[in-house]
Amino acid sequence: MLTPDQTDQLRAHLEAELSRLVAAATSALDFTMDRDRDRIGRDSMDDATEEELYSTKLRLHDRESRLVGKIRAAMKRLADGAIDECEECAEPIGFKRLMARPVTTLCFECKSAREQVEAEESNE
């Protein structure tokens, strides 16, 4: 069970991360809106470089969009008092682990076991 101070620290951490992601999304949107193809002095290398940068920004934005959903789900679990409960074994998730990865839903032991199974399956 998290202490009230730990809960406040975790909430502040989640809110800061959410704010960072919203700012990054705004920046990505601004970037996508600035796609002027008629710039003077451009050549095919400039266009190729811009396309690669654009593609990378879109992939990053997509990844961050999924993370926003995970953060909102973590904030709901925090409000419900269930953020520190492992979804597989119902054992507590340590505060240090939650601060390192606040969107986690698994304790260290369950996550390690899951990763081991995934590694074994990928080797088959």
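Specify the residue that is nearest to Leu67 (Cα to Cα); the eligible residues are those in the range 78-117 that are of a type in the set (Val, Ile, Thr) and assigned to a loop (DSSP other than H, G, I, E, B).
Ranking the candidates gives Val103 first.
Do any residues in the range 12-24 that are in contact (Cβ under 8 Å) with a residue 40 or more places away in the chain and crowded, with 16+ Cβ neighbours inside 10 Å have Cβ atoms under 7 Å from those of residues that are among the basic types (Lys, Arg) and assigned to a helix (DSSP H, G or I), where the two are at least six apart or on different chains, and which pairs are they?
That search, which allows pairs on different chains as well, returns nothing.
Please verify whether the range 6-17 includes one or more residues that are within 16 Å of the chain's Cα centre (by Cα), more than 30 Å from Ala90 (Cβ to Cβ), part of a helix (DSSP H, G or I) and modelled with pLDDT of 75 or more.
no
Of the residues Leu78, Leu53, Leu60, which single one is modelled with pLDDT under 95 and under 19 Å from the mean Cα position of the chain (by Cα)?
On inspection, the qualifying residue turns out to be Leu60.
Do you know which residues across the range 56-87 are over 18 Å from Ala12 (Cα atoms), in contact with an Asp or Glu (Cβ under 9 Å, 6 or more places away or on another chain) and either of a type outside the set (A, V, I, L, M, F, W, C) or exposed (fewer than 13 other Cβ atoms within 10 Å of the Cβ) (or both)?
Glu85
Which number in (1) surrounded by fewer than 11 Cβ atoms within 10 Å (Cβ to Cβ); (2) of a type in the set (A, V, I, L, M); (3) in contact with a strand residue (DSSP E or B) (Cβ under 9 Å, 6 or more places away or on another chain) marks the one condition that Ile93 misses?
(1)
The values are calculated or read from the model by the stated rules, or taken from the named source; none is laboratory data. Bear in mind that the values here come from a model prediction, so they are computed numbers and not experimental data. Neighbour counts are summed over all protein chains in view; Cβ atoms, including those assigned to glycine, are modelled from backbone coordinates with ideal geometry.
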